[in-house]
Amino acid sequence: MNESANAVSVRGLKMSFGDHQIYDGLDLEVRRGETLTVAGASGTGKSVLLKLIIGLYKPDAGAIFVDGEDVVPLDEQALRSMRRKVGMLFQGSALFDSMNVGDNVAYGLYEHYEWPPEKIAARVAECLEWVGLPGAQAMAPADLSGGMKKRVGLARALAPGPSTILYDEPTTGLDPFNTRRINELIVGLNDRLHVTSIVITHDLEAAFAVSDRIALLDERRIVLVSDIESARRAPPPRLAAFMRGEESPK
């Protein structure tokens, strides 16, 4: 199989934390340029999947291809290079409290590139403009609302120019206005930058708003993948049960 045909391919993934098995043969393909949402009940390992893709965890078995390269055997130096291709918005935004907004957004640029200060400043300003926070460079993270922190975290993920963006529960804890704003940003950035996006969420309204396809994680593997229009019109039984908050039919 030509793994480079997809932005991300996961093959035969197995993962345990102690005696708790997270995955048992998980497979997933993410097409270039699409937004795919991974949904599932709490504790099924949705966020762990993103951390495996960017190499923060190593699986017990299996392969994870990013742009055709298996990231599982990579050492830390090779992983740093790979992470230029993959940006991540963490669930809690993960901003550095000791840095202002501008330095937070610039963090990945200093890590990956040897750019002059004026080029870094221009890129920071561009990314903050994209997320609707022009001129916010001097603000401290402590002075930001929850929605603003998410947007700064997204600007930081975008700054190195990734081809794939990972969103870990991007609307958790936000009010309806900011939830809608983040969803619109995900769609707008995909249109503007032609990136691939993987979204982890328990918010099915958000999934329907931003996604091309939805995958359901259950029983330690991906049990179905559906295009979003089919999921709206006639969801498969497992997905329909999940949407109703019921136990998944076997």
Cβ-derived FRET efficiency at R0 35 Å, Ala241 paired with Arg84, nearest 0.05: 0.30
Mean separation of Cα contacts under 8 Å (6+ apart) over length of the chain, as relative contact order %: 25
Selection of GluC sites (Glu not before Pro), the stretch 105-202, meeting DSSP coil and at most 11 other Cβ within 10 Å: Glu114
Student exercise, the chain dipole from Lys, Arg, Asp, Glu Cβ charges, in Debye to nearest 20: 260
Test item: Cα-centred dipole of the stretch 1-145, Lys/Arg +1 and Asp/Glu -1 on Cβ, debye: 180
Options Ala138, Thr179, Gly92, ranked by Cα towards positive dipole end of the stretch 51-183, top entry (Cβ charges): Thr179
Folded to 0 to 90 degrees: helix 146-158 orientation relative to the chain principal axis, Cα: 90
Within the chain, longest stretch clear of exposed chymotrypsin sites (Phe, Trp or Tyr not before Pro) (DSSP loop, no more than 16 other Cβ within 10 Å): 114-250
Chain lengthening between Thr172 and Arg192 when straightened (0.36 nm per residue, less Cα-Cα): 4.8 nm
Dipole moment magnitude, nearest 20 debye, the stretch 145-250 about Cα centre, only Lys, Arg, Asp, Glu C-beta charged: 200
Rounded tilt (10° steps) of 176-193 against the dominant C-alpha axis of the chain: 80
Residue-averaged 222 nm ellipticity for the chain, from DSSP H runs of 4+ at -39500 (n - 2.57), nearest 500: -11000 deg cm²/dmol
Fraction in percent of alpha-carbon pairs per bin - 5 Å, the chain: 1, 6, 14, 17, 19, 17, 13, 8, 4, 1, 0, 0
Non-local Lys pairs in the chain, i.e. 8 or more apart or on different chains, that have alpha carbons under 26 Å apart: 19
Cα lying deepest toward the dipole's positive end in the chain, options Pro237, Leu28, Ile64, charges on Cβ: Pro237
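FYI, it's all coordinate maths here, none of it is from the lab. As the structure is a prediction and not an experimental result, all values here were calculated from the model. Using ideal geometry, Cβ is built from the backbone for each residue, glycine included, and neighbour counts are taken over all protein chains shown.
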